[in-house]
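Participant: Here you go, one structure.
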Amino acid sequence: MNSKPTFTDRLRSVFKGILDPIGAFLNRTWLTPNAITLLGLVGTSIGAYIISQGKMTTGGIVLLLSVLVDALDGTMARLRGESSDFGGFVDSVSDRYAEFITFGGLLYYFVSQENYQGVVVTFAATAGSVLVSYVKARAEGLGFTAKVGILTRVERYFVLIPLLVFNQPFLAAVIIAVLGNITALQRILHVRAQGHERMRKARENKDYVH
């Protein structure tokens, strides 16, 4: 069962003409793709700290810059001809840390404000975000695909960053909590359908052999 290109895939295609020249320039420096990945993570950590202090607009802008930096590591590796499974692994792990750190900053802010509704929805947003990524990784480990859903990682940032810039952290957490968990469910159902199809074909092959 083939999955359609995700929003992230479409963005990469649209901005390829911009990312490639920047990636080519960075490849002429001492920076490596993994260094760019870590640089993006450091920027995210700074942004999360700023958010934890209640400076949502500044924190949102720093997050935006960090996401833009992080988008370059894959481009650099591709242009170098050095794309590797380990590089993809490092990037994925870094992305998960970045989300944990970002939501951690938001969670700290809500706790400091004694906004317990904010704490609950931020926890739900974190859980949904982690499950979206986990379901995809687990599915691919079993030979399925799971690149579906309405709120992948890039889309989560499209929700989070503008709402932080406009000082609406609670609304951002609510939207990600709801749509993130819906996305995880979409992926689970997508894998379920593939599992049923795999079982059907296995039964047909068994009947054919007999």
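The values are calculated or read from the model by the stated rules, or taken from the named source; none is laboratory data. Treat the numbers as computed from the prediction; the structure is a model and nothing was measured. Virtual Cβ from ideal backbone geometry, glycine too; neighbours counted across all protein chains shown.
Participant: Evaluate the range 180-190: report whether one residue or more is farther than 21 Å from residue 125 by Cβ and among the basic types (Lys, Arg).
Facilitator: Checking the range 180-190: not a single residue is farther than 21 Å from residue 125 by Cβ and among the basic types (Lys, Arg).
Participant: Inspect the range 167-190 for any residue being among the aromatic types (Phe, Trp, Tyr) and more than 28 Å from the chain's Cα centre (by Cα) and give the result as yes or no.
Facilitator: Step one: list which residues in the range 167-190 are among the aromatic types (Phe, Trp, Tyr), which gives 170.
From what is left, the residues that are more than 28 Å from the chain's Cα centre (by Cα) are none.
Checked against the condition, which is being among the aromatic types (Phe, Trp, Tyr) and more than 28 Å from the chain's Cα centre (by Cα), the range 167-190 yields no hits at all.
Participant: Would you mind stating whether residue 155 is in contact (Cβ under 8 Å) with a residue 40 or more places away in the chain and in a helix (DSSP H, G or I)? Full working, then the answer.
Facilitator: Details: in contact (Cβ under 8 Å) with a residue 40 or more places away in the chain: yes; in a helix (DSSP H, G or I): yes.
Yes: the conditions hold for residue 155.
Participant: Next question. Restrict the check to the range 106-124 and report whether at least one residue is in a helix (DSSP H, G or I), within 12 Å of the chain's Cα centre (by Cα), crowded, with 18+ Cβ neighbours inside 10 Å and at pLDDT 95 or above.
Facilitator: Filtering the range 106-124 for residues in a helix (DSSP H, G or I) gives 106-112, 116-124.
With within 12 Å of the chain's Cα centre (by Cα) added as a condition, the list becomes none.
Looking through the range 106-124, none of the residues is in a helix (DSSP H, G or I), within 12 Å of the chain's Cα centre (by Cα), crowded, with 18+ Cβ neighbours inside 10 Å and at pLDDT 95 or above.
Participant: Still on this structure: Condition first: more than 24 Å from residue 68 (Cβ to Cβ), touching a His at 6+ places or on another chain (Cβ under 9 Å) and of a type outside the set (A, V, I, L, M). Now tell me which residues in the range 119-159 satisfy that.
Facilitator: Listed by number, the residues that qualify are 144, 145.
Participant: Here is a follow-up. In the range 150-157, is there at least one residue being hydroxyl-bearing (Ser, Thr, Tyr), touching a helix residue (DSSP H, G or I) at 6+ places or on another chain (Cβ under 6 Å) and more than 21 Å from residue 92 (Cα to Cα)? Before the answer, list the steps.
Facilitator: Step one: list which residues in the range 150-157 are hydroxyl-bearing (Ser, Thr, Tyr), which gives 152, 157.
From what's left, touching a helix residue (DSSP H, G or I) at 6+ places or on another chain (Cβ under 6 Å): 152, 157.
Filter once more, keeping what is more than 21 Å from residue 92 (Cα to Cα): none.
Checking the range 150-157: not a single residue is hydroxyl-bearing (Ser, Thr, Tyr), touching a helix residue (DSSP H, G or I) at 6+ places or on another chain (Cβ under 6 Å) and more than 21 Å from residue 92 (Cα to Cα).
Participant: So, of the residues in the range 85-105 that are among the β-branched types (Val, Ile, Thr) and at pLDDT 95 or above, which turns out to be surrounded by the most Cβ atoms within 10 Å (Cβ to Cβ)? Working first, answer last.
Facilitator: At the first step, the residues of the range 85-105 found to be among the β-branched types (Val, Ile, Thr) are 90, 93, 101-102.
Of the ones still in play, those that are also at pLDDT 95 or above are 101-102.
Details: 101: 19, 102: 26.
Here the answer is 102.
Participant: Let me confirm something: among 97, 116, which residue is out of contact with any Gly (no Cβ under 6 Å at 6 or more places or on another chain), within 19 Å of residue 66 (Cβ to Cβ) and among the aromatic types (Phe, Trp, Tyr)? Walk me through it before giving the result.
Facilitator: Working: 116 fails: within 19 Å of residue 66 (Cβ to Cβ).
Testing whether each residue is out of contact with any Gly (no Cβ under 6 Å at 6 or more places or on another chain), within 19 Å of residue 66 (Cβ to Cβ) and among the aromatic types (Phe, Trp, Tyr) leaves just 97.
Participant: Restricting to helices (runs of 4 or more DSSP H) lying wholly in the range 1-63: which have 2 or more residues that are under 23 Å from residue 101 (Cβ atoms) and either modelled with pLDDT of 95 or more or over 18 Å from the mean Cα position of the chain (by Cα) (or both)?
Facilitator: Numbers: elements: 7-14, 16-27, 33-52.
Fully inside the range 1-63 and qualifying: 33-52.
Participant: Which residues, taken from the range 136-152, are surrounded by fewer than 22 Cβ atoms within 10 Å (Cβ to Cβ) and part of a helix (DSSP H, G or I)? Walk me through it before giving the result.
Facilitator: Keep residues of the range 136-152 that are surrounded by fewer than 22 Cβ atoms within 10 Å (Cβ to Cβ), which gives 137-145, 147-148, 150.
Hits for the range 136-152 are 137, 138, 139, 140, 141.
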